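Chemist: What follows is a single structure, and I will ask about it in a moment.
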Amino acid sequence: MRGLHTHRNRICTAMGAALLLSALTGCERREDTTLPIEEEPAAEGQEPLPEEVQEDLSTNSILRADMDVRPIAEPPLEPLDVIVPFGDSGSDLNPDAAAMIEEIVESEQFRKGGAIVLRGHTDSSGRDEVNLRASRRRAEAVAEHLVEAGASEDRITIIAMGEQNPIAPNARPDGEPDEEGRAKNRRVAVTVMPPPEEEDVPAIDDQGVPATELPDPATD
């Protein structure tokens, strides 16, 4: 019985040693196949990584070297529409009108040299021809200030609208004048266009012929 017991102990010991050896071998294999773990940046007071390690980390980027990285195009510039008010019946600029002209001058459309259209308006009081002249004088007053601010005269187009396009009632339902509405109708509508897009210039050959007019070699 004692010999049988001793024999069993030897078998258990051998099996345990075999299992331990197998476990150690598996750990070594897993260590060999595991990807290296990137080290965290050195904290304050710690030594930095060796230069060769830093170079290796810098080259292992997730971005492809041949990727086509293009800047995002800016949205196209829209026309600027501004109302310059003339609350009084004349063509002199009041503080509100001066503030709106300042807004126009500071706009990107104005700085980039876009075309400017000035449409003068009046209320419905007075004869048509008188209102046309008054609307033109208001548009010319705005144009004068824009030219003083740096706009060239050939950029500006003046259109006298008279009383044709009111934005508020000129009279009340009882027929009496609507002074508040008439004051809103005395105005200059300003539109500043964005600059025209530059067209592609065709290449020119040695003889001064545009590339678009060169004969097709396949047809010779």
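The values are calculated or read from the model by the stated rules, or taken from the named source; none is laboratory data. None of the values given here were measured: they were computed from a predicted structure. FYI the Cβ positions are ideal-geometry reconstructions off the backbone, even for glycines, and counts take in every protein chain you see.
Chemist: How many of the residues making up the stretch 142-163 are surrounded by 13 or more Cβ atoms within 10 Å (Cβ to Cβ), part of a loop (DSSP other than H, G, I, E, B) and of a type outside the set (A, V, I, L, M, F, W, C)?
Modeler: So the count comes out to 2.
Chemist: Okay, next question. Does the stretch 108-141 hold any residues that are in a loop (DSSP other than H, G, I, E, B) and either free of Cβ contacts under 8 Å to residues at least 60 places away in the same chain or surrounded by 16 or more Cβ atoms within 10 Å (Cβ to Cβ) (or both), and which are they?
Modeler: The answer is Gly113, Gly114, Ala115, Thr122, Asp123, Ser124, Ser125, Gly126, Arg127.
Chemist: Give all pairs with beta carbons closer than 8 Å in which a residue from the stretch 169-182 that is free of Cβ contacts under 8 Å to residues at least 12 places away in the same chain meets a residue that is among the small types (Gly, Ala, Ser); count only pairs at least 6 apart in sequence or on separate chains.
Modeler: Once the first residue is free of Cβ contacts under 8 Å to residues at least 12 places away in the same chain and sits in the stretch 169-182, its partners that are among the small types (Gly, Ala, Ser) give Asp178/Ala168; Asp178/Ala171.
Chemist: Condition first: in contact with a strand residue (DSSP E or B) (Cβ under 6 Å, 6 or more places away or on another chain), over 19 Å from Gly90 (Cα atoms) and at pLDDT 50 or above. Can you find one or more residues in the stretch 192-201 that meet it?
Modeler: If we filter the stretch 192-201 for residues that are in contact with a strand residue (DSSP E or B) (Cβ under 6 Å, 6 or more places away or on another chain), which is where we start, we get 192.
Filter again for over 19 Å from Gly90 (Cα atoms), leaving 192.
Narrowing the set further to residues that are at pLDDT 50 or above leaves 192.
Yes, that holds for at least one residue.
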